[in-house]
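The block underneath contains the structure these notes are about, expressed in C-alpha cells.
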Amino acid sequence: MNYGLNRKEYNTLVNYDTYVPAQRLVLPNVTSADTTYGEAYPYEPFPLENDNAKAKEYLDKAVSELGVSSPADIEITLLTTDTEGAKKQAEVLKEQYEKNLGIKVEIDQVTYKERLQREQDLDYDMVVTGWVPDYSDAYSYLELWISDGQYNHSGYNNPKYDEYLEKSTTETDAKARQDLLFAAEKLFLEEDAALVPLQLRQDTYLVNPKIENFNVYFVGYDFNLVYADLAE
C-alpha cells in the first residue's frame, strides 16, 4: 500500500534486516513487571569474546569419552535451510569449528519444510533454527523447551526446568514469576547448555515523513497501520 504517495515519495516502508550477536536465550526487550527483562535480569552467559582454551579443555574430554584419537576424527552434520543467507551462516560456523577445534563439519542444506520435519523427528546432529516471540514475555521463549512441548525439537528434558515453567503459570506475584523464568533460563543455558544463541534480527524502517502514527513492534506483527495517516 502506498497510501496515495507518488513513486518519488514512496520511500515509506522500506525495510532492512541487520543482525546483532545474541548472548542469551530470551530477548532482553520483552516485558518484565515494570521494566524490561534485560534490565531486570542482566545476564550474558555467552560473551562476545570466545574462550578457545576452555573449549579445547571440554573437547579433550569429549575425545577421550568418544574413544577417538583426535578432534579430526569427529564429524558433525550441520542441518540448515537452502537459502543463500543460511548457506553463508553455515559456512561461517563450519569454518569456526574446523579452525578453532579441528572438528569436521558437513553442511546439509534442505528445504524449509524438510528442515522442520527433521527437527520434529530429531533427525540431525546440529541445526540452525530460529524463533520469533508471539508476545512480549520471557515465557514465549522458554516454553519451547518444556519436555513435552510442541516446539521442543531438541529432545531437551529436565524436570526442574519443567517445574520452573509450570510454577510461573500460576504465580500471581509479578516479580516472583519473573524470578522463576530467569532461573529456568539460567538452568537451560548454564547447567545444561542445551542451545547456543547465535544472533538477533533487527529491522530498520525508512518511513516517509508524511506518514503519522506509524507504529512498529518487536513481537507479533511488524507494524500496525490502523492509526496511520497522511499529513497534508
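The values are calculated or read from the model by the stated rules, or taken from the named source; none is laboratory data. The structure displayed is predicted, hence computed values, not measured ones. Cβ sites come from the backbone with ideal geometry, for glycine too, and all protein chains shown count toward neighbours.
A few notes on this one:
- Looking only at segment 100-112, residues that are farther than 13 Å from residue 127 by Cβ and either surrounded by 14 or more Cβ atoms within 10 Å (Cβ to Cβ) or modelled with pLDDT under 95 (or both) come to 5 in all.
- Failed condition for residue 210, given (1) more than 16 Å from the chain's Cα centre (by Cα); (2) surrounded by 15 or more Cβ atoms within 10 Å (Cβ to Cβ); (3) not hydrophobic (A, V, I, L, M, F, W, C): (2)
- Qualifying residue in segment 51-68 (condition: outside the structural domain of residue 203 (by TED's automatic domain parsing), assigned to a strand (DSSP E or B), surrounded by 12 or more Cβ atoms within 10 Å (Cβ to Cβ) and among the aliphatic types (A, V, I, L, M)): no
- The residues of segment 63-88 that are closer than 22 Å to residue 195 by Cβ and either touching a residue at least 60 places away in the same chain (Cβ under 8 Å) or charged (D, E, K, R) (or both), listed by number, are 65, 75, 87, 88.
- Filtered residue count, segment 179-232, keeping only those that are within 24 Å of residue 33 (Cα to Cα), of a type in the set (A, V, I, L, M) and in a strand (DSSP E or B): 2
- Criterion (without any contact (Cβ under 8 Å) to a residue 24 or more places away in the chain and hydrophobic (A, V, I, L, M, F, W, C)) met by exactly one of 194, 183: 183
- In segment 95-139, the residues that are among the basic types (Lys, Arg), in contact with a strand residue (DSSP E or B) (Cβ under 7 Å, 6 or more places away or on another chain) and within 30 Å of residue 57 (Cβ to Cβ): 104
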